[in-house]
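Notes to accompany the following structure.
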Amino acid sequence: MIFTIFKKELKDTLRDRRTLMMMLVIPILVFPIIMNIFVGVSATFSEEAATKKVKIGFVGDKDNYVLKQLKSLPKEMGKKEIVFYRDSVQLKKDLKLDSIQIGMYSEKQFSSNLESQKPAKLIVFYNATDVGMKDRAEIYLNTIEDIARQERILDLKLDEAKLTPLVTEYSNVASSEEMIGKLAGGILPYIFIAFGFLGCMYPAIDLFTGEKERGTIETLLTTPVARWQILFGKMGVVVLSGLLASTAALLGLSLSIEVLDVVENAELLAIIHGILSVKFILLLYALLVPLTVFFAGVMIPIAVYAKSFKEAQSIITPLNIVMVLPAMVGFFPGIELNLTTACIPVVNIVLATKDLIAGTLDMGLLAISFGVMFVIATLAVFVSYKQFDKETNILI
Amino acid sequence: MIEITDLRKEFVLSKQQRKELNTTDKIAVAVDNVSLKCTPGRVFSLLGPNGAGKTTTLRMMSTIFKPTSGSINITGIDAIANPAEARRKIGFLTGSTGLYARLTPNEVIKYFADLYGISKSDFEERKERLYTLLDMHHFQGKRIGKLSTGMKQKVSICRTMIHDPEVVIFDEPTSGLDVITAENIIQLIRDCKDQGKTVIFSSHIMSEVDLLCDDLAIIHNGKMLFDGTMDSFKSNMQAENLTAEFIRIIKESN
């Protein structure tokens, strides 16, 4: 009987345009669209920043050392134009107006200090809202400083090695999978939680509140089917919808990577392919099933209690924020899956998924996370059953 | 056969409900010690104004609600102890019954046949008979949401009768329907009677009651005010017509 109800509810749900939009269309399209826009915009910005002609305002002598070096820097370091100023007041005004993008002010003693091999001070003005200009100034001036240092070493006839007391080399022992997992792995559980929740939402409201509102539940309750069977048949569809929405989001993400080529770095692409093994997907779904059952178990009592689609939606929508907030934990570096976090519902799924991607998942902690989610999902199902069994709830 | 004895239903009132009803009572009695007997081959009419307790009584009979006390016997089955067994014997139709708008009549009828565990051969035979009787063949594959009210009502009738119930419960079945669509229901009630089924229907339309019923009960504020045959009701009338007599009985009880 549960399967009979499940089949009918699934057919009914798949014919609902609103549910289909939330369950399949939006999750599939959202990532290709967002990533395409993001990649397109950032590529345009990078290209523009690289080719943009930078106007550098300069206050100082015409034969200033920095000025001469600036002019002789290779064109590959970006196009530039020097504009001379008498003082820094007008220079700063023009910087604010974006007539120039970088301002340089050399002190009066700049050249004499440089000649007497003392530190010569140069003040660099920039507008922090003009992204990338400070970096551009740093690149130019670091190069010029390196040239000046080399010249001094030669003048002073010093051994460069003697001026280098330490040679430091940093070597990363984390694998690329770990790096991706720990730093960017938070995005995957976030997707699953956000879309899993949305995927459950409409079928839960439609199959419970909707059936009350349309007056079909009364007829169903007069059939010889037990209420728990009706509940389980309907809940099966809600859970499946949540899983389908998560899967659709994953497909959308894959589509962005494989078809739209948003990941151009071949090495990174190979690492992503390496992560997506059959074992990884199976373990991921093992975590997702209790999570989605939990979502369904939280939504169904509300949907059963609500008297109209609107009322149910107005209660469940804010709940979305409460559920998705713990998913943000995945974006904070340093929060790891341990005995404490494994006992916090939703957070444990997020952190376990991150570890799963990184390849550092502890099976003991996974078992605890799964157990906690299983218990809480069972509790949620029990609450759903109690609400669905309340005769004052199921009829308007 | 339906036999109910000393049936009582209490609802616990929430704070909001107490406020809305302007009462301090924590409990509302919807049905108060109602007893009645419906026999096969006769039409029993449960009459009462809005909020009298008719729907609650019928919902208890169809096992949607559990009574607070009392007993319900449906064709020899204790409906409180064995609700699922009792439901197999019941066909339930209300005027406000909705149908699954995204499914077709064929899909709805098959769904309910499956829920009642009907064999394939019985299903095919009954479906064909009911489709022919109700002239449903031409819209059997269309989505219910696109059907007219009359067509939807036919689907509801077919859904109610597909498991060939011994007892048929109608809760204000013609409410909100035009006369032509209501005629389908009236014909169905007559057919059920002719087939020897036990029929109970609730209404507040006296003309319908006069047209169809053999036995009659009047219920008001959850209490039974009259229980007898239609003939005895008519012969003891103090007012000039059925509607006036019904109003007189209700007013007298207040």
Might you let me know whether the range A:83-97 holds any residue that is free of Cβ contacts under 8 Å to residues at least 24 places away in the same chain, within 14 Å of chain B (Cβ to nearest Cβ) and not in a helix (DSSP H, G or I)?
-> no
Run down A:Phe38, A:Phe31 and say which single residue is more than 12 Å from chain B (Cβ to nearest Cβ), in contact with a helix residue (DSSP H, G or I) (Cβ under 6 Å, 6 or more places away or on another chain) and among the aromatic types (Phe, Trp, Tyr).
-> A:Phe31
Tell me which residues, restricted to the range A:290-323, are surrounded by fewer than 17 Cβ atoms within 10 Å (Cβ to Cβ), within 25 Å of the chain's Cα centre (by Cα) and of a type in the set (A, V, I, L, M).
-> A:Leu319, A:Ile321, A:Val322
What about A:Asn127, is it closer than 30 Å to A:Leu156 by Cβ and not hydrophobic (A, V, I, L, M, F, W, C)?
-> no
Picked from the range A:41-59 (must be β-branched (Val, Ile, Thr) and part of a helix (DSSP H, G or I)), the residue farthest from the other protein chains (Cβ to nearest Cβ) is A:Thr51
May I ask you to say which residue of A:Leu255, A:Leu231, A:Leu243 is over 30 Å from A:Phe309 (Cβ atoms) and away from every other protein chain (no Cβ under 14 Å)?
-> A:Leu255
Tally, over the range B:92-114, of residues that are at the interface with another protein chain (Cβ under 8 Å from one of its Cβ atoms) and within 11 Å of B:Ile162 (Cα to Cα) = 3
Could you please let me know if A:Val347 is without any contact (Cβ under 8 Å) to a residue 24 or more places away in the chain, within 26 Å of A:Ile275 (Cα to Cα), β-branched (Val, Ile, Thr) and in the same structural domain as A:Leu240 (by TED's automatic domain parsing)?
-> yes
Would you be able to tell me the number of residues in the range B:178-214 that are closer than 20 Å to B:Gly91 by Cα and surrounded by fewer than 17 Cβ atoms within 10 Å (Cβ to Cβ)?
-> 9
Out of all the residues in the range A:184-206, is one or more away from chain B (no Cβ under 14 Å) and part of a loop (DSSP other than H, G, I, E, B)?
-> yes
The number of residues in the range A:10-28 that are within 14 Å of chain B (Cβ to nearest Cβ) and in a helix (DSSP H, G or I) is 9
Out of the residues in the range B:94-120 that are hydrophobic (A, V, I, L, M, F, W, C) and closer than 18 Å to B:Met151 by Cα, which is farthest from the chain's Cα centre (by Cα)?
-> B:Leu103
Enumeration of residues in the range B:83-130 that are of a type in the set (Ser, Thr, Tyr) and modelled with pLDDT under 90 = B:Thr94, B:Ser96, B:Thr97
B:Lys110 passes all but one of (1) of a type outside the set (Asp, Glu); (2) without any contact (Cβ under 8 Å) to a residue 24 or more places away in the chain; (3) crowded, with 22+ Cβ neighbours inside 10 Å; which number fails?
-> (3)
Search result, residues across the range B:27-55 that are surrounded by fewer than 14 Cβ atoms within 10 Å (Cβ to Cβ) and within 14 Å of another protein chain (Cβ to nearest Cβ) | B:Ile27
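The values are calculated or read from the model by the stated rules, or taken from the named source; none is laboratory data. The structure displayed is predicted, hence computed values, not measured ones. Here the Cβ is made from the backbone with ideal geometry for all residues, glycine too, and neighbour counts use every protein chain on show.
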